[in-house]
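Below: one structure, written as structure tokens.
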Amino acid sequence: MIYNKIKKILYGGDYNPEQWPKEIWKEDMRLLKEAHIDTLTLNVFSWAALQPSEEEYDFSRLDEIMDMVKENGFQVCLATSTGAHPAWMAKKYPDILRRDFNGMKRKFGGRHNSCPNSPTYRKYSLRLAQKLARRYKDYDNIIAWHISNEYGGECYCENCEKAFRVWLKKKYKTLEELNRVWNTAFWGHTFYDWEEIVLPNLLSEHFEENRSQFQGITLDYKRFNSESILECCRLEYEAIKKITPHIPITTNLMGFYKGLDYKMWAKYLDVVSWDNYPANEDSPAMIAMSHDLMRGIKGGQPFLLMEQTPSVTNWLPYNALKRPGVMRLWSYQAVAHGADAVMFFQMRRTVGACEKLHGAVIDHVGTNQTRVYREVQALGAELEKIGQETLGAVTEAKVALYFDWDNWWAAECSAGPSCELKYKEEVLNYYEAFHSLNIPVDIVGPEDDLGSYKVLAAPLLYMTKTGYDEKIRKFTQNGGIFITTFFSGIVDEHDLVILGGYPGRLRDILGIWVEEEDALPSGTENSFVYRGTRYPARLICDLLHSEGAEVLSTYESDFYAGMPAVTVNHFGKGRGYYVAARSGKAFYRKFLGDICEEAGIQPVILPQEGLEAAERKNENGRFLFLLNHGNRELEVKVREGGKDLISGEAYSPGGRIFLEAKGVRILKIEEKI
């Protein structure tokens, strides 16, 4: 739907002229146009200005801003401003204030500060969204609506406790069923009245923030909280959609944000957008995995990079500058993995409060003479040259990597087996290997179809939801390769152990029985040999027995020396692999490289250190992205000929590209006739 209006990769970001005197606005328009900015996100945090009191609304300043940016030829992503409620609202209606995990009632302040189940918040956020949609519905430069901003957080107030009970009644119907799925016979927790149920936090079921004594209760609260906040988003979405059905609606997500089930959220957004703020130590693979997640939650559709910093963030322990070329490199990395927008926070650097030291296109000096401005300007010129070539292009992957928020929540709030067990880290171990091999990956969830894939990797599949084992069974029987790891197949969707031996419903597919799990303290390890090379076995070592699986590797030490560490089971036309311990990067690269070779999956381009390669395809053609994350020049041999969209340089099949440090090439591949 968004492609009806845009003609190139969107370029721009958050602009807050309401924070500045009007005499600066004209200069901003000049500087932003000179930087080739074409899209501005407006009105993100203006609720207090738009609604100074309960019945009073004032859109005069926003009217001026909207008219100014339209006259200057900018497209607008118009936000609803509901990410932070006004101070008067908190004073008059304290039900809008959240209660923290420790039971403390919040006062007015910060953002993400509204209880999602507050009648006050839902009433006034909905009303504001309706008023904005009615007022600006005829502005033809609005290309998208932006609901609220970076939804997140939790609330444990009375509103939420009452709503949680209603949610549970709808889900489980009877107390008998609720008591069963929560296993409340344990520790005498049986409930005889819905009103006896309280929220799980430090006042009740938690002995620390991430560890619960009743995981089933905590798991359901996390689902409830995610759905409660989503319901707030949906109320605004539906109100706006009735008034402007032709304008797509989004809200900016945050990659691997643990608190909200983005796979569910994506169903209710017209287009996915997200904010990319890597930590200084994040690897290129970690950043790429977040992009692939955002593409994956909407079934492989392109997404919008709604925010990134042009230079520096302001909340990391050490806020290092992006070195020259890195902003450009990371922007094209987003495009390589599915982005049809490259947007920044922020256009002009604010003078006060917590984001005054956050980077911007226009710095405090207020000129076009900064390094950052010149880099932004140069990238903008390149994006204009690329035009609409890559818009709507998709990634065609033969490897699926499973990720599920329920599994994430359940695995990490469990009391055991190790405090160092982190679901995202285990998924990243596998993703990094595929990434280093230049093998495209789709990140999939439990509802996604597996028919187009040759390999499905599901590290740490602790939770096997009802029916998902059948999906894996069919996939494998039909010739697919299924890979999973230690601590998999343990529980069902209620976090109840699946009886009859681990890995539960996956046992026949994998041809093994896991008897015990040994959690190794940090700094200790076992080892195994795979195809002639010794690799470490860390974190958790499953003690397992073959039930038909071929043993590829065995442990080398401790009392379980000689027991299987890596196995493969032939199942139907396919195979099921089990890796019984965490290992290291060298093992994952070798192991997954072998599997891809056996499956006939070719890399986009031959791998080498520092090189990232990705492909996208649309009706305009096929595009090969080459990105050099290293600090030295790379020589890259291309299999197919093509022309670089940025420089216009042509390359013949088998030709060589000399890719400078932090350099980028986007080759439009010449298709054979």
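Below, the figures for the structure above:
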quantity	calculated
Candidate set from the stretch 172-188 (those that are without any contact (Cβ under 8 Å) to a residue 40 or more places away in the chain and assigned to a loop (DSSP other than H, G, I, E, B)); member that is surrounded by the most Cβ atoms within 10 Å (Cβ to Cβ)	THR184
Test: residue in the stretch 49-66 that is without any contact (Cβ under 8 Å) to a residue 40 or more places away in the chain, open to solvent by less than 10 Å² (accessible area, probe 1.4 Å) and either part of a loop (DSSP other than H, G, I, E, B) or more than 29 Å from THR370 (Cβ to Cβ) (or both)	no
Residue match in the stretch 229-244 (condition: part of a loop (DSSP other than H, G, I, E, B), in contact (Cβ under 8 Å) with a residue 12 or more places away in the chain and either of a type in the set (A, V, I, L, M, F, W, C) or open to solvent by 30 Å² or more (accessible area, probe 1.4 Å) (or both))	no
Hits in the stretch 471-499 (condition: touching a residue at least 40 places away in the same chain (Cβ under 8 Å), part of a loop (DSSP other than H, G, I, E, B) and over 27 Å from the mean Cα position of the chain (by Cα))	ASN478, GLY479, LEU496
Flag for ASN618 being in contact (Cβ under 8 Å) with a residue 24 or more places away in the chain, over 30 Å from GLY574 (Cα atoms) and open to solvent by less than 10 Å² (accessible area, probe 1.4 Å)	no
Pair list, Cβ under 9 Å, 6 or more apart: the stretch 372-401 residue among the polar types (S, T, N, Q), other residue in a helix (DSSP H, G or I) and modelled with pLDDT under 95	GLN388/TYR3
Residue that is nearest to VAL181 (Cα to Cα), among those in the stretch 197-224 that are in a loop (DSSP other than H, G, I, E, B) and in contact with an Asp or Glu (Cβ under 7 Å, 6 or more places away or on another chain)	PHE214
Within the stretch 105-157, tally of residues that are open to solvent by less than 40 Å² (accessible area, probe 1.4 Å) and farther than 25 Å from PHE303 by Cβ	13
Listing of strands (runs of 3 or more DSSP E) fully contained in the stretch 593-669 that carry 3 or more residues being in contact with a strand residue (DSSP E or B) (Cβ under 9 Å, 6 or more places away or on another chain) and among the charged types (D, E, K, R)	611-618
Among residues of the stretch 68-82, those that are assigned to a loop (DSSP other than H, G, I, E, B) and either touching an Asp or Glu at 6+ places or on another chain (Cβ under 8 Å) or open to solvent by 10 Å² or more (accessible area, probe 1.4 Å) (or both), counted	5
Selection status of LYS91, open to solvent by 10 Å² or more (accessible area, probe 1.4 Å), touching a strand residue (DSSP E or B) at 6+ places or on another chain (Cβ under 9 Å), over 30 Å from ASN210 (Cβ atoms) and in contact (Cβ under 8 Å) with a residue 12 or more places away in the chain	no
Unique match (being within 25 Å of HIS291 (Cα to Cα), under 25 Å from the mean Cα position of the chain (by Cα) and modelled with pLDDT of 95 or more) among GLU660, GLU612	GLU612
From the options VAL568, VAL579, residue that is out of contact with any Lys or Arg (no Cβ under 8 Å at 6 or more places or on another chain) and at pLDDT 95 or above	VAL579
Strands (runs of 3 or more DSSP E) (entirely within the stretch 296-406) containing at least 1 residues that are within 29 Å of TRP25 (Cα to Cα) and either of a type outside the set (Ser, Thr, Tyr) or modelled with pLDDT of 95 or more (or both)	303-307, 339-344
Positions within the stretch 131-164 being under 24 Å from TYR3 (Cα atoms) and in contact with a helix residue (DSSP H, G or I) (Cβ under 7 Å, 6 or more places away or on another chain), in sequence order	ALA133, ARG134, TYR136, LYS137, TYR139, ASN141, ILE142, ILE143, ALA144, TRP145, ILE147, SER148
The listed residue being over 17 Å from MET286 (Cα atoms), in contact with an Asp or Glu (Cβ under 9 Å, 6 or more places away or on another chain) and of a type in the set (Phe, Trp, Tyr), out of PHE587, PHE571	PHE571
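Residue-by-condition table, conditions (1) without any contact (Cβ under 8 Å) to a residue 24 or more places away in the chain; (2) under 25 Å from ASN631 (Cβ atoms); (3) under 15 Å from the mean Cα position of the chain (by Cα):
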| site | (1), (2), (3) |
| --- | --- |
| TYR277 | no, yes, yes |
| SER283 | no, yes, no |
| ILE297 | no, no, yes |
| LEU304 | no, no, yes |
| LEU316 | no, yes, no |
| PRO324 | no, yes, no |
| MET327 | no, yes, no |
| TRP330 | no, yes, no |
| ARG348 | no, no, no |
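The values are calculated or read from the model by the stated rules, or taken from the named source; none is laboratory data. What you see is a predicted model, and the numbers here were worked out from it, not measured in a lab. Virtual Cβ from ideal backbone geometry, glycine too; neighbours counted across all protein chains shown. Surface accessibility is based on the protein's heavy atoms, side chains included, excluding ligands, DNA and RNA. Shrake-Rupley method; radii C 1.70, N 1.55, O 1.52, S 1.80 Å.
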